[in-house]
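To start, the structure itself, in structure tokens.
The values are calculated or read from the model by the stated rules, or taken from the named source; none is laboratory data. None of the values given here were measured: they were computed from a predicted structure. Heads up, the Cβs are rebuilt from the backbone with ideal geometry, glycines too, and the neighbour counts pull from every protein chain shown.
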Amino acid sequence: MTSSRLQRWVAALFSVGVMLPLLWLTATWSEQQSLQYLERKGAEHLRHYTRQLVNMLNGYEVLPGILAEDDRVRDLLRARTGTPLQVRAANDYLERLAGDLPDSVIYLMDPQGWTLAASNWRSPSSFVGKNYGFRSYFRQVLSGHPSRYVAKGITSNVLGYYLGARVMEGERVLGVVMLKLNLAEATLSSDGDVDVLVADHHGVVFMASQADWLFRLLQSLEARIQEQIVRDRQFEGASLQALAVARQAWSDTTALVDLTVTPTSTRRYMVQAALLPENGWQVQTLIRLDRVWQEQWHALLLVGLGGLAVLLVLLYLLQRYGDRRVLREATVTDALTGLYNRHYLVNTDSMLLQRYHRGPVNGTAVVIFGIDAFARVNQIYGHSVGNKVLLAVADALRGELRVGDVPIRLDGDRFMAVLAVHPGDDVRPMAERMRRRVQALRFEGGLRALVLTVSAGIAYYRPPEAMDRLIGRATERLREAQEHGDVVVAPTLDEECVEVSL
């Protein structure tokens with residue numbers, strides 16, 4: 001794998017490693033922000049619906065008690081079975097009272113539960129003559145307890161809220177006066193993505209913005225309560241199936257609920273609830289969370305596109321850097337051997353000398369190798385073989401150098417090594433090993449008889465001379481070595497130069 005391709009892979013993996021946590025943080029942050037906003041929105045709607053419901057009910061709470069003190073009501077209940085004129089007068093009176101109470105019915109019941117008069121006496125579903133003594137609200141009122149009862153009408157099949165008061169004459173119970181508010185007309189509507197429902201103290205939903213939720217249960221009921229509801233015919237005809245929900249607490253006042261909307265699909269809601277202590281009702285607002293997921297996806301899309309843009313810019317910069325690096329390496333690298341070339345020294349000569357200047361006298365040595373009789377190799381075997389020879393010598397030079405030493409192909413058949421040395425170091429053993437390594441090279445095919453030798457010239461750096469001067473001294477010693485034949489010429493610290501026969 002090339003260096004530039006490796007860099008691109010590293011950049012891509014780095015970007016993925018950064019983007020995945022960033023996307024997770026974005027999704028989490030977006031979800032939290034959206035849920036907090038919806039929680040505030042749900043709380044506002046909950047206060048609105050609760051206040052609206054309480055105001056509606058409070059306007060009727062005292063009316064049964066006022067009617068229980070009415071003399072005309074007492075007169076009819078005292079007579080129990082009055083004359084037709086008395087009953088007609090009572091019906092007319094109740095009808096006039098109910099005229100100011102839209103969608104409501106006022107009726108009088110004797111202690112046995114028979115309805116003696118009712119404001120809806122003209123209706124085909126009149127309560128007059130009906131016995132509702134089996135209803136819980138009647139028994140509660142008759143025993144002196146307040147009635148706040150929700151049920152479907154037995155006669156009218158209309159959902160109502162039943163308020164009542166006991167009519168007394170001294171210690172004697174004459175009967176009860178009841179007020180039924182028509183809840184079927186008090187519909188709740190969705191407000192955008194906000195739904196609302198109201199459930200009684202047993203958890204039976206009797207008002208809801210979604211018709212499918214009516215007469216469903218928020219929680220399972222005990223068997224005795226179910227039997228009581230059936231006995232009272234409270235929600236006659238309703239299946240009272242539980243709403244299938246999976247609840248997860250999100251805060252002290254809010255829960256996230258998965259509610260089954262069809263047998264094969266669910267929808268997630270944010271649910272907030274308020275309790276009406278007077279009657280035990282529970283008002284709930286349910287906010288659909290589809291918008292949360294949409295905003296979450298939008299945030300992820302924006303961050304993802306931003307991350308992709310950053311990755312593309314990073315890859316572009318790496319490509320530019322890689323191209324410049326490749327161009328630079330091509331400029332300072334020998335195309336055949338892969339070693340540095342003379343151009344490399346143009347910009348790095350002073351750096352190399354300073355880099356290796358570790359002692360007060362000598363810190364750098366230069367060894368220049370020349371292939372003996374290389375021109376004859378080209379003449380006899382051709383330039384392709386000459387190139388093989390150059391490659392083999394370059395590999396041999398690499399094998400002899402330490403980490404940090406710099407191999408260079410100067411030109412033609414000349415190679416150079418820039419070495420780091422300490423005072424007292426002798427470079428000649430390295431040059432001798434190089435010569436023996438080259439002489440041991442063997443080639444395949446018709447080149448078996450080809451034996452190579454190299455000569456070397458060594459020079460130590462003497463501050464503050466320039467690199468050209470240092471190379472010039474090493475070149476002179478190489479020339480001297482080649483004139484003597486297969487030798488290494490090198491100076492010592494005390495001598496100008498010494499000829500060493502190999």
Given (1) loosely packed, with under 14 Cβ neighbours inside 10 Å; (2) within 23 Å of I225 (Cβ to Cβ), where does Q248 come up short, assuming only one miss? (2)
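Is the stretch 64-77 home to any residue that is touching a strand residue (DSSP E or B) at 6+ places or on another chain (Cβ under 7 Å), at pLDDT 80 or above, under 30 Å from L289 (Cβ atoms) and not acidic (D, E)?
If we filter the stretch 64-77 for residues that are touching a strand residue (DSSP E or B) at 6+ places or on another chain (Cβ under 7 Å), which is where we start, we get 64-65, 67-68, 73-74, 76-77.
The next check asks that each one be at pLDDT 80 or above; those that pass are 64-65, 67-68, 73-74, 76-77.
Subsequent filtering for residues that are under 30 Å from L289 (Cβ atoms) retains none.
Scanning the stretch 64-77, I find no residue that is touching a strand residue (DSSP E or B) at 6+ places or on another chain (Cβ under 7 Å), at pLDDT 80 or above, under 30 Å from L289 (Cβ atoms) and not acidic (D, E), so the answer is no.
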Selection from the stretch 190-216 of residues under 14 Å from L159 (Cβ atoms) and assigned to a strand (DSSP E or B) yields L197, V198, A199, V204, V205, F206, M207, A208
Check the stretch 157-178 and report whether any residue there is modelled with pLDDT under 90 and among the hydroxyl-bearing types (S, T, Y). no
Only residues that are touching a residue at least 24 places away in the same chain (Cβ under 8 Å) and surrounded by fewer than 19 Cβ atoms within 10 Å (Cβ to Cβ): list them for the stretch 255-273, please. L256, V261, A273
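Considering only the stretch 224-235, I want to know if a residue exists there that is modelled with pLDDT under 85, under 48 Å from the mean Cα position of the chain (by Cα) and surrounded by 14 or more Cβ atoms within 10 Å (Cβ to Cβ).
Residues of the stretch 224-235 modelled with pLDDT under 85: none.
No, the stretch 224-235 contains no residue that is modelled with pLDDT under 85, under 48 Å from the mean Cα position of the chain (by Cα) and surrounded by 14 or more Cβ atoms within 10 Å (Cβ to Cβ).
Matching residues to (1) over 22 Å from A165 (Cβ atoms); (2) within 60 Å of the chain's Cα centre (by Cα); (3) surrounded by 12 or more Cβ atoms within 10 Å (Cβ to Cβ); (4) hydroxyl-bearing (S, T, Y):
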site	(1), (2), (3), (4)
R47	yes, yes, yes, no
T50	yes, yes, yes, yes
V54	no, yes, yes, no
N58	no, yes, no, no
A68	no, no, yes, no
L76	no, no, yes, no
Selection count where residues are touching a Leu at 6+ places or on another chain (Cβ under 9 Å) and part of a strand (DSSP E or B), scope the stretch 232-285: 26
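Which of the residues belonging to the stretch 97-118 are polar (S, T, N, Q) and without any contact (Cβ under 8 Å) to a residue 24 or more places away in the chain?
Taking the stretch 97-118 first, the residues polar (S, T, N, Q) are 104, 112, 115.
Scanning the stretch 97-118 gives Q112, T115.
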Do we have R433 as free of Cβ contacts under 8 Å to residues at least 40 places away in the same chain and out of contact with any His (no Cβ under 8 Å at 6 or more places or on another chain) here? yes
If I filter the stretch 97-131 down to residues being surrounded by fewer than 20 Cβ atoms within 10 Å (Cβ to Cβ) and among the hydroxyl-bearing types (S, T, Y), which single residue comes out as nearest to the chain's Cα centre (by Cα)? S125
Inside the stretch 423-450, the number of residues satisfying the requirement of being exposed (fewer than 13 other Cβ atoms within 10 Å of the Cβ) and not charged (D, E, K, R) is 7
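Given L447, L397, L401, which one is closer than 21 Å to R479 by Cβ, in the same structural domain as Q482 (by TED's automatic domain parsing) and not charged (D, E, K, R)? Talk me through it step by step, then tell me what you get.
Details: L447 fails: closer than 21 Å to R479 by Cβ; L401 fails: closer than 21 Å to R479 by Cβ.
Every option except L397 fails the conditions.
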Return only the number of the condition from (1) β-branched (V, I, T); (2) under 18 Å from R342 (Cβ atoms); (3) surrounded by fewer than 13 Cβ atoms within 10 Å (Cβ to Cβ) that V403 does not satisfy. (2)
Taking the stretch 313-338 and keeping residues hydroxyl-bearing (S, T, Y) and either at pLDDT 70 or above or within 27 Å of G386 (Cα to Cα) (or both) leaves Y316, T331, T333, T337
Residues of the stretch 144-182 being of a type in the set (S, T, N, Q) and without any contact (Cβ under 8 Å) to a residue 12 or more places away in the chain, in sequence order, are none
